[in-house]
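Engineer: My structure is below; once you've seen it, I'll send some questions.
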Amino acid sequence: MTRPILALVLFLTASAAAADVAAIAKNASEWRAQNEGAILSEFSDLLAIPNLASDAENIARNADAISASCTRRGLSVRLLRIAGAPPLVVAELHVPDATRTIGFYAHYDGQPVDRARWKSDPWKPVMRDVEGNEIDWQKAKSVDSEWRIYARSAGDDKAPIIGMLAGLDALHHSGRQPAVNLMFVFEGEEEAGSPHLAGYLAKYPEVLRPDAWVLCDGPVHQSRQMELFFGARGTLDLELTVYGPGKGLHDGHYGNWVPNPIVQLTHLLDSMRDENGRILIKGFYADAKTPTPAELEAISKIPDVEPALRREFAILATESVGKKLNEAIMYPALNLRGIQAGHVGDQASNTIQTEARASIDFRLVPDETPASVKALVERHIEGEHYKIVRETPDAHTRATNAKVVKLEWGSGYPPARTSLDLPLSKEIADLMTEAGHPPVRLPTVGGSIPMYLFQQPDNRPVIGLPIANHDDNQHAENENLRLQNLWDGIEIYATLFAGLSAD
């Protein structure tokens with residue numbers, strides 16, 4: 001075959017494939033438009049079940065409801081269990097002769113709520129229009145895609161569960177079948193830090209080892225474009241307590257003579273990072289992996305939303321180590337979560353305090369680990385002439401050391417990142433583009449999720465595909481989901497289920 005003919009054949013083949021993907025998305029959209037009422041009813045019913053990870057009775061109700069929804073769709077369902085943990089819902093669709101399995105993950109638990117701060121009951125879903133007026137969507141002649149449904153976990157993270165199930169319905173209606181096995185894994189304690197996820201993966205390796213994972217958690221890009229993320233920063237938290245005199249002292253009598261722990265603490269923190277966010281701890285960046293050319297190229301194509309974000313957040317300047325937001329989060333960070341010492345305002349007193357506390361979290365990037373960061377930080381603190389202790393120091397320790405600090409480390413977990421150059425990375429991005437939803441490709445998200453667990457044991461590909469709106473108020477009061485985000489999610493899930501290749 002001559003090169004021109006071969007090129008024409010390849011072009012026609014690619015065009016046919018793209019047309020087929022577009023048809024899948026179009027069919028899913030048409031099916032959704034005809035079934036919005038049923039989709040929203042199922043979504044509302046799931047949102048109405050309280051879902052705190054610590055609420056064992058209602059967590060079990062959530063797991064049972066999701067299992068029943070999966071069973072109705074012909075999926076093979078198992079509830080995996082570990083003592084003291086919410087059940088892990090695993091639903092599978094086995095395709096004859098399929099040679100690979102793709103796992104799709106979401107979680108069904110939600111953050112705690114402060115009911116007093118909510119406009120309505122967090123577990124009684126309410127629909128509101130763009131002006132914030134309540135809508136009886138069940139009696140409405142049509143549903144506006146800009147309406148939002150308000151309830152805990154509307155965006156984080158029950159929307160993907162309903163989106164995936166509806167995507168399967170749309171696929172079934174079109175008569176299409178996936179070329180890959182599909183595994184759906186729904187966790188019940190992600191918002192509690194996933195303390196048993198590693199245990200589940202270790203106990204059920206024959207079940208929870210698909211060839212690749214798609215994590216369906218989080219919001220889309222601030223530009224409203226759908227996104228793919230290929231990494232997440234690791235995390236490590238630290239509580240510091242610096243000690244002053246053994247009892248509170250009058251600052252007029254003893255100020256400038258007795259060491260003030262608030263001053264000591266602020267100087268210690270100032271030695272660890274500057275106002276621009278640069279970490280000053282010696283060697284901290286030594287293990288930080290430099291972004292690849294593919295990652296830098298992807299970052300350069302991300303829509304610029306920084307001017308809009310500055311207006312939304314009412315800030316003029318940013319602390320970004322001289323870089324744009326999406327490049328800055330490719331690097332580690334030291335964030336000061338809070339300081340506690342003495343009182344201010346009407347409660348202030350002329351007292352030299354006995355101690356001052358600070359709470360810090362570190363965001364880690366490849367190839368940093370919690371252990372390597374911990375060692376660097378402690379070496380730095382010792383270099384600032386502090387005596388490090390693990391328990392509250394006694395009077396002798398305080399009297400025999402000029403500076404004493406108690407360190408309480410969290411366990412933390414490492415970062416993870418999947419290459420943008422992998423065939424699966426390109427395949428998913430191409431399918432989304434052909435379906436009419438070209439994704440923003442983020443080499444990493446700034447937050448921390450335990451992606452590394454899903455990569456084990458042999459560095460399997462893990463890619464994030466969120467669908468919730470970026471302004472969904474996740475973790476806060478009045479959490480919501482913009483309906484168009486759910487509609488888009490249904491299209492993309494159906495497209496991936498049908499479009500992912502067999503190898």
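Any read-out appearing in this document is the output of simple, stated calculations on the displayed coordinates, not a laboratory observation. From a predicted model like this one, the values you see are computed outputs, not experimental measurements. Methodologically, a virtual Cβ is constructed for each residue, glycine included, from the backbone with ideal geometry; neighbour enumeration extends over all protein chains shown.
Engineer: Is there a pair in LYS119/LYS324; LYS26/LYS124; LYS289/LYS387; LYS119/LYS158; LYS203/LYS374 whose C-alpha atoms are over 27 Å apart, and which pairs would that be? Before the final figure, lay out the partial values.
Structural biologist: Working: LYS119/LYS324 36 Å; LYS26/LYS124 32 Å; LYS289/LYS387 32 Å; LYS119/LYS158 20 Å; LYS203/LYS374 29 Å.
Violating the 27 Å Cα-Cα cut-off are LYS119/LYS324; LYS26/LYS124; LYS289/LYS387; LYS203/LYS374.
Engineer: In addition: Determine the gain in length on full extension of the stretch ASP64-ARG337; use 0.36 nm per residue of separation and subtract their C-alpha separation, reporting nm with one decimal.
Structural biologist: So the extension gain works out to 94.5 nm.
Engineer: Over the chain, what is the mean sequence separation of C-alpha contacts under 8 Å (at least six apart), divided by residue count, expressed as relative contact order in percent? Show your work: numbers first, answer last.
Structural biologist: Numbers: 964 pairs, mean separation 132.1, N = 503.
Relative contact order comes out at 26 percent.
Engineer: Could you tell me the calculated FRET efficiency between HIS267 and LYS124, based on Cβ-Cβ distance and R0 = 51 angstrom, to the nearest 0.05?
Structural biologist: Numbers: r = 50 Å, r/R0 = 0.99.
It comes to 0.50.
Engineer: Next up: Can you list the HN-Hα couplings for the range 488-503, worked out from phi with the Karplus curve (6.51, -1.76, 1.60; θ = phi - 60°), rounded to whole Hz and with x for Gly and Pro?
Structural biologist: Taking θ as phi minus 60°, the curve returns 4, x, 4, 4, 5, 4, 4, 5, 5, 4, 8, x, 4, 6, 5, 9 Hz for the range 488-503.
Engineer: Oh, and also: Would you calculate the separation in nanometres between label points at THR392 and TRP409, each defined as 7 Å from the Cα along the Cα-to-beta-carbon direction?
Structural biologist: Between THR392 and TRP409, the label points sit 2.4 nm apart.
Engineer: First measure r as the distance between the Cβ atoms of ASP503 and GLU30, then evaluate 1/(1 + (r/R0)^6) with R0 = 41 Å and state the FRET efficiency to the nearest 0.05. Please list the in-between numbers first.
Structural biologist: Details: r = 30 Å, r/R0 = 0.74.
Approximately 0.85, to the nearest 0.05.
Engineer: If you take the beta carbon distance between ASP287 and ASN459 as r and set R0 to 25 Å, what does 1/(1 + (r/R0)^6) give as a FRET efficiency, to the nearest 0.05? Can you show the working numbers first?
Structural biologist: Working: r = 18 Å, r/R0 = 0.71.
According to the calculation, E is roughly 0.90.
Engineer: Ok, one more. Work from the charge dipole of the chain (Cβ charges, +1 for Lys and Arg, -1 for Asp and Glu, about the Cα centre) and give the residue of SER69, GLY255, VAL462 farthest towards its positive end.
Structural biologist: Farthest along the dipole direction, towards plus: GLY255.
Engineer: For the pair ASN276/LYS139, report the inter-label distance in nm, with labels modelled 7 Å from Cα in the Cβ direction.
Structural biologist: It is 6.0 nm.
Engineer: Find, among the trypsin sites (Lys or Arg not before Pro) in the range 314-413, those assigned to loop by DSSP (not H, G, I, E, B) with at most 13 other beta-carbon atoms within 10 angstrom.
Structural biologist: On the way: sites: LYS323, LYS324, ARG337, ARG357, ARG363, LYS374, ARG379, LYS387, ARG390, ARG398, LYS403, LYS406; in loops: LYS323, LYS324, ARG390, LYS403.
Answer by residue number: ARG390.
Engineer: Name all residues of the range 441-460 having a backbone nitrogen under 20 Å from the label point set 7 Å from the Cα of ASP304 along its Cα→Cβ direction, giving them as ranges.
Structural biologist: Correct set: 441-443.
Engineer: Tell me the label-point distance for the pair ASP421, TYR254, using the 7 Å Cα-to-Cβ offset, in nm and rounded to one decimal.
Structural biologist: Placing both labels 7 Å along Cα→Cβ, they lie 6.3 nm apart.
Engineer: Still on this model: Using 14 Å as the cut-off for backbone N distance, which residues of the range 394-434 belong to the label zone defined by a point 7 Å from the Cα of LYS247 along Cα→Cβ?
Structural biologist: So the set is empty, nothing qualifies.
Engineer: What is the distance in Å between the Cα centroid of the range 322-351 and that of the range 85-119?
Structural biologist: Each part's Cα centre sits 34 Å from the other's.
Engineer: Is the range 264-310 rounded, prolate or oblate when judged by the Cα gyration tensor, a ≥ b ≥ c being the square roots of its eigenvalues, rounded requiring a/c under 1.5 and prolate requiring a/b larger than b/c?
Structural biologist: On the way: a/c = 6.72, a/b = 1.57, b/c = 4.28.
Oblate.
Engineer: For the chain, rounded, prolate or oblate, judged on the Cα gyration tensor with a ≥ b ≥ c (square roots of eigenvalues), a/c < 1.5 rounded, else prolate if a/b > b/c? List each step's numbers first, then the result.
Structural biologist: Working: a/c = 2.05, a/b = 1.70, b/c = 1.20.
Verdict is prolate for the chain.
Engineer: Moving on. Could you calculate the contour length gain from VAL95 to THR354, that is, 0.36 nm times the residue separation minus the distance between their Cα atoms, to one decimal place in nm?
Structural biologist: Working: separation 259, 0.36 × 259 = 93.24 nm, distance 6.62 nm.
Result: 86.6 nm gained on full extension.
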